[in-house]
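Right, one structure below, let's go through it.
The values are calculated or read from the model by the stated rules, or taken from the named source; none is laboratory data. Note that the coordinates shown come from a computational prediction; the quantities given were computed from them, not determined experimentally. Cβ placement follows ideal geometry from the backbone for every residue including glycine, while neighbour counts extend to all protein chains displayed. Note: areas computed on protein heavy atoms with side chains; ligands, DNA, RNA excluded. Shrake-Rupley method; radii C 1.70, N 1.55, O 1.52, S 1.80 Å.
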Amino acid sequence: DTAVSQTPKYLVTQMGNDKSIKCEQNLGHDTMYWYKQDSKKFLKIMFSYNNKELIINETVPNRFSPKSPDKAHLNLHINSLELGDSAVYFCASSQMTGGVAQYFGPGTRLLVL
Amino acid sequence: QKEVEQDPGPLSVPEGAIVSLNCTYSNSAFQYFMWYRQYSRKGPELLMYTYSSGNKEDGRFTAQVDKSSKYISLFIRDSQPSDSATYLCAMNPLTGANSKLTFGKGITLSVRP
């Protein structure tokens, strides 16, 4: 039973396209996150949501728009994809905001050509 | 100076070796110190965390925090090939609204049989 799941696992697309990544957690956690991990493995927070409310927005370009329809789901929509958006995007959840024990999904590998 | 610096690696050791992984940080507000392990093509998973200064032991793993030196370490005793992964340190000022994890760049460890 997967705790944090993401779809799709792989995404290959052309520059300028729009794409979405979906995330679901079945842990009953209140807080969900999006992280970006670059090619050098550096993991950086992008957004966090607590019970559907945006808590943290880490100066991410407006082309990235998260949406949380309920506390178990957090989606990420990316408009006008650029080469620099190529990375692995991880969804995570924790019991409360900023919780030390964050549970990560398997990641979505995005390649923009 | 980056908020969290981690030895760049990679690190290769023979099976059975004692491994020492280290991070330094500049933000004296950090109170929670975590080590996450990330296997290849997987999401990070929490290995251990400590609050404030001191040591914490869990099986073959020992986490150490020296707040006066702003230095944290993870020791792995009797290292096994299954320990081969990327290890990321992470820190948090405290839990609650707007708190977030700041990660080090990660170090890739390879344990040779």
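Scanning region A:89-113 for residues that are facing chain B (nearest Cβ under 9 Å), within 12 Å of the chain's Cα centre (by Cα) and buried (at least 19 other Cβ atoms within 10 Å of the Cβ) returns A:F90, A:C91, A:A92, A:F104, A:G105, A:G107. Residues in region A:25-46 that are buried (at least 22 other Cβ atoms within 10 Å of the Cβ) and of a type in the set (A, V, I, L, M, F, W, C): A:M32, A:W34, A:L43.
Considering each residue of region B:17-37 in turn, none proves to be assigned to a loop (DSSP other than H, G, I, E, B) and either under 30 Å from A:K9 (Cα atoms) or in contact with a helix residue (DSSP H, G or I) (Cβ under 8 Å, 6 or more places away or on another chain) (or both). Of the residues making up region B:38-48, those that are in contact (Cβ under 8 Å) with a residue 12 or more places away in the chain and in a strand (DSSP E or B) are B:Q38, B:L46, B:L47, B:M48. The residue that is farthest from A:Q95 (Cα to Cα), counting only those in region A:9-24 that are open to solvent by less than 80 Å² (accessible area, probe 1.4 Å) and within 14 Å of chain B (Cβ to nearest Cβ), is A:I21.
For region B:98-113, residues that are open to solvent by 30 Å² or more (accessible area, probe 1.4 Å) and more than 12 Å from every other protein chain (Cβ to nearest Cβ) total 3. Reported count of residues in region A:19-38, each being touching a strand residue (DSSP E or B) at 6+ places or on another chain (Cβ under 7 Å) and part of a loop (DSSP other than H, G, I, E, B), is 4. Screening region B:26-78 for residues that are among the aromatic types (F, W, Y) and either within 14 Å of chain A (Cβ to nearest Cβ) or exposed (fewer than 12 other Cβ atoms within 10 Å of the Cβ) (or both) and picking the one that is farthest from B:S99 (Cα to Cα) gives B:Y39. In the set A:E58, A:E53, only one residue is without any contact (Cβ under 8 Å) to a residue 24 or more places away in the chain, under 23 Å from B:L88 (Cα atoms) and among the acidic types (D, E); that residue is A:E58. Considering region A:55-75, the residues that are more than 13 Å from the chain's Cα centre (by Cα) and assigned to a strand (DSSP E or B) include one that is farthest from the other protein chains (Cβ to nearest Cβ), namely A:P69.
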